[in-house]
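Asks: Take this structure, written in structure tokens, and hold onto it; I'll ask about it next.
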Amino acid sequence: MHNNTTPLKSLAIALVLLILPVMMIPPNIVRSQGATFHLNAWYVVPPTITWNPFASLSVLGGAQGLIGSACTLPLYSFEAYHGYLLPLLAKEVSVNPTEGYLEVKLFEDTKWFNGKDLVPFTARDVWTYFVIQWKIFQNFIPWLLDVRIVDDYTIRFYFNRTVFSLTAPIYDPKTGKVDTTHINSYSFTTNIWYQGFFQILTSQITTPYNIFGKYAEMVANIPLSEVSKRYNLTALQNEVRNLPMDTPWCTGPFWPDPSTLTTTSIKLVKNPGCRWSKYVQYDSGEILFARAEEQMIANMINGMNLLTWHGISPLTLVEIDKSAGGVKGAWLQGLEVQGIWFNLLRYPFNITEVRWALSMLINVSEAAKAFPPITLPYTDLVTGQFKSSDLPTWITDNLPINYGYNPQKAYQLLESVGFKRGADGKWYMPNGKPFHFEVLCVSAWADWVSQASNLAAQWQAHGIDAVSNCVDVGVYSQLWSTFSFDVTLNWDIINPAGLATAYTAYLNRYWPSLSYLSATKFNYTWPVPLKNGTVIYVNPYYEQMKLQASVPGTSSFWDAIAKLAWFWNYYIPTYPIWNFRRGWQVSIVESNFAELLGVPDAQIDVGGYKMYGWGIDKSWVATAWYSGSYSVYVWMMYGILKKPTTPLPWPPSKPPVNPYNLLPSEAKIVSITDLAKPFLSPTPTPTTSPTTTVTTPPATTAPPPTTAMTTTVTTTVVVPTTIVSTVVSTVSSVLTATMTATTTVTQRVTEWATTIAIAIVLLIIGFAIGWLIKRR
């Protein structure tokens, strides 16, 4: 048969086929050929290499998470400053409050990549991950009821129907007495446990069904309560952890090449299976491992660092900034608020007026001078939340106490509870002893040493014998977690993000109190006088549980957060003092990040050298939590972070570029308010029963001195009880990844005082561990 195709036609066809993929790239993408990047991390490569994500020393968990978050993705990444869910593996999420489930629809073009094979990513992989974590590793308890595959790319997460009930007497912190003649009963019912949203949506899905599915199938149709009876859980968990894996399976923007792993670095290759790969404008990357700061600094001086924050000293950051490699020091405010804890179990800090007085003797502007340029003053209202402007005015207008530097008011408060100032200018407690206490801190952290010394000096200037007590980090952790301190510096002060994470505030920040409820009496009912003259009665433990269960914007959410904000403002267990600005290292050669930051907000003098700072309204693009991922990878996947054709000017001179204005069309962000719509009702006036109208609250009579963690309770006290009722829910329980059958599932009675405390404490500790690692 004669072939009529001419060489010219063949050439034309070849050109069309060559150009067509380029034409399919969105017009805002200008591809940088061969672009690469570098990230630095503290990491010591383990002697035995495994890519099993469950293994304790898996490479995927190393390098401060930079390897794992390049390789595997969550359904959504949660950007905490705005409260946005950014789609990565999932394209749609919805909530059914009536039937009590969260439904997630997946992108259909994501694939697993292991270096040679491309395998479709489906609902079976998601199901595998959550069933293993839930039934074998015993996570997501007690709120998760079932995980159901709807179709290949749709999955549902069913929540246990929760009835949380509590009875409690009234506690008078002024006298330390418990009124057992007035017992208050509390109860709420919910089909959805809001805290579980984040764990579901932001967990990295690391489990290809073809590798781990057999373990999920083993327990799929066994009730949760029966799994430990049929299997030795420890042995089964170890079998999962020890499953050999010599290569990573990835859905993220990059595949870590095992053949390039050395003691000093690993190379990343753009992952063809990532559904965002058409937007990723870097073909490769390299994560550089450092054991010593000198090694990391040398990398940065040589220009090898796109964007990280490591605890490098300000003067060393100056040397990096001066170097010709193009890595600059950028002082960026993060979602970090530090301050002090008062020990409510130790005299005289168990006296409310004493805590008020000590807070009002702190000049936060002076405190911010403790460790420049890192420390900044926190000047907002004391509500337990980062921004009081996020709250309705009916909450902020009724805050009981106006804090701020006010020495005269502080003196009056001390005198009102029996303290006296001697002729020597020193303050003495009602028992005649000098008012002496220690400010606990960590000796290895220069900023904390300076901050503690600054506070002690401020109190000393007003006649109070305060001294700093800086100890080893291990000793510090033991002391503050067991309430063995007077006053301590701490990073767990308020919720430092938006209302989407409001539930992480209050008792969950003062979290050791959850282990000492019998002493703190936070599960009793406390009187809270409001500014309008009304006294409401608040059970902080109950309201904390309700806040964790409630979707922001719902009536139960506003009711809980109002009572907790008023309680926290009045009784002040923690006091916020500092916002924090950290010295980030950003390349103007490897990325266009400077364009996202825009013109700086401040000029900072570091040892006579000019550097620049940005407030949180600009720096969030890097410093906000991106739960389940890392800011660099998120903006790379959306095609926003890219290598400039020439080095960018520093400092930037143009307004910041908002990356949300540049998202690909299929990147549909979801706000928490979107998820709340099925629940919404008009904003309520909070319930305040029982109420009493009062005038100015009477002064406290100072109770006798007590030792730490001791409390006197009469034998007639009714001990508060918490009950999660037994409920029966009919759901579809997955027998296998492809077969379903309707089954009746009975929820067990659960002790929430332990289970919810553990879940939240792990969340807070997780943030803390990340923060501690980054301090290095």
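Asks: So who's got an amide H within less than 5 Å of the one on HIS38, skipping anything under 5 residues away but keeping other chains? H placed 1.01 Å off N, in plane.
Replies: Those lying under 5 Å, H to H, from HIS38 are GLU286, ASN305, LEU306.
Asks: May I ask for the Kirkwood hydrodynamic radius of segment 552-595, worked out over all distinct Cα pairs and given in angstroms to one decimal?
Replies: Here the Kirkwood hydrodynamic radius works out to 14.7 Å.
Asks: Oh, and also: Applying the Karplus parametrisation 6.51 cos²θ - 1.76 cosθ + 1.60 with θ = phi - 60° to the phi angles of segment 657-662, what ³J(HN,Hα) value in whole Hz is obtained for each residue in order, glycine and proline being reported as x?
Replies: Karplus values, whole Hz, x for Gly and Pro: 9, 7, x, 5, 7, 10.
Asks: Could you give the distance between the Cα centres of segment 484-556 and segment 397-413, to the whole Å?
Replies: 21 Å
Asks: Another one. Provide the per-residue ³J(HN,Hα) series for segment 45-59, in order, calculated from phi with Karplus coefficients 6.51, -1.76, 1.60 and θ = phi - 60°, each as a whole number of Hz, with x at glycine and proline positions.
Replies: Working through the residues one at a time gives 5, x, x, 10, 9, 9, 10, 5, x, 8, 5, 5, 10, 4, 4 Hz.
Asks: Same structure, new question: Averaged per residue, what accessible area in Å² does segment 137-245 show with a 1.4 Å probe, protein chains only?
Replies: Ligands and nucleic acids excluded, the figure is 40 Å² per residue.
Asks: Quick one: give the max-minus-min coordinate of the C-alpha atoms of segment 35-138 along each principal axis, largest first, in Å.
Replies: 51, 34, 29
Asks: Sticking with this one: Tell me which lysines have Cα within less than 19 Å of LYS643's Cα, excluding those fewer than 8 residues away on the same chain?
Replies: In chain and number order, the partners are LYS267, LYS270, LYS278, LYS328, LYS654.
Asks: So what are the ³J(HN,Hα) numbers for segment 273-283, from phi and the Karplus equation (6.51, -1.76, 1.60; θ = phi - 60°), rounded to whole Hz, Gly and Pro as x?
Replies: For segment 273-283, the Karplus-derived couplings read x, 5, 5, 9, 4, 5, 9, 5, 9, 10, 7 Hz, x marking Gly and Pro.
Asks: Show me the ranking of peptides 289-298, 601-610, 326-335 by mean Cβ neighbours inside 10 Å, starting with the highest.
Replies: 326-335, 289-298, 601-610
Asks: Around THR488, which amide H atoms from residues at least 5 apart in sequence, or from another chain, sit under 5 Å from its own amide H, with H modelled in the peptide plane?
Replies: TRP341, LEU440
Asks: In percent, how large is the relative contact order of segment 334-579, given Cα pairs closer than 8 Å and 6 or more residues apart?
Replies: So the answer I get is 31 percent.
Asks: Taking only the alpha-carbon atoms of segment 334-579, what semi-axes of the equivalent ellipsoid follow from 5 times the gyration tensor eigenvalues under a square root, in whole Å, largest first?
Replies: Semi-axes, largest first: 28, 21, 18 Å.
Asks: On a C-alpha basis, how far is the centre of segment 217-254 from the centre of segment 337-355 in Å? Whole number, if you could?
Replies: With segment 217-254 and segment 337-355 each reduced to a Cα centre, they are spaced 45 Å.
Asks: Label points 7 Å out from Cα along the Cβ direction at ASN431 and GLN412: separation in nm?
Replies: 2.9 nm
Asks: Which cross-chain or sequence-distant (5 or more) residues have an amide H under 5 Å from the amide H of VAL471, H modelled 1.01 Å from N in plane?
Replies: Under 5 Å from the amide H of VAL471: CYS441, VAL442, SER443.
Asks: Ignoring ligands, DNA and RNA, please state the percent of accessible area on segment 334-579 from carbon and sulfur, probe 1.4 Å.
Replies: Of all accessible area on segment 334-579, carbon and sulfur atoms account for 51 percent.
Asks: In Å³ and rounded to a whole number, note down the convex hull volume per residue for the Cα atoms of segment 179-249.
Replies: Looking at segment 179-249, the number lands at 208 Å³ per residue.
Asks: Restricting to segment 334-579, what percent of DSSP beta bridges are antiparallel, rounded to 5?
Replies: 65 percent
Asks: THR234 versus SER56, label points 7 Å from Cα toward the beta carbon: distance in nm?
Replies: Modelled inter-label distance: 1.3 nm.
Asks: Kirkwood Rh over alpha-carbon pairs of segment 408-507, then Stokes-Einstein at 10 °C and 1.306 mPa s: what D in µm² s⁻¹, rounded to an integer?
Replies: It diffuses with D of about 103 µm²/s by this estimate.
Asks: Contact order normalised by length for segment 210-280, with contacts defined as Cα pairs under 8 Å and 6 or more residues apart; what percent is it?
Replies: Relative contact order for segment 210-280 comes out at 21 percent.
Asks: For segment 488-609, report the accessible area per residue in Å² (1.4 Å probe, heavy atoms, rounded to an integer).
Replies: Dividing the accessible area of segment 488-609 by its residue count gives 18 Å².
Asks: Quote to one decimal, in nm, the extra length available between GLU92 and TYR405 on full extension: 0.36 nm per residue of separation minus the C-alpha distance between them.
Replies: So the chain would gain 107.8 nm between GLU92 and TYR405.
Asks: To continue, here is another question. If you average the alpha carbon positions of segment 623-671 and of segment 73-116, how far apart do those two centres end up, in angstrom?
Replies: Using only Cα atoms to place each centre, the spacing works out to 19 Å.
The values are calculated or read from the model by the stated rules, or taken from the named source; none is laboratory data. Since we're looking at a predicted model, the values are computed, not measured. All Cβ positions, glycine included, derive from the backbone under ideal geometry; neighbour counts span all protein chains shown. Please note that ligands, DNA and RNA were not included when accessible areas were found on the heavy atoms of the full protein model with its side chains. Shrake-Rupley method; radii C 1.70, N 1.55, O 1.52, S 1.80 Å.
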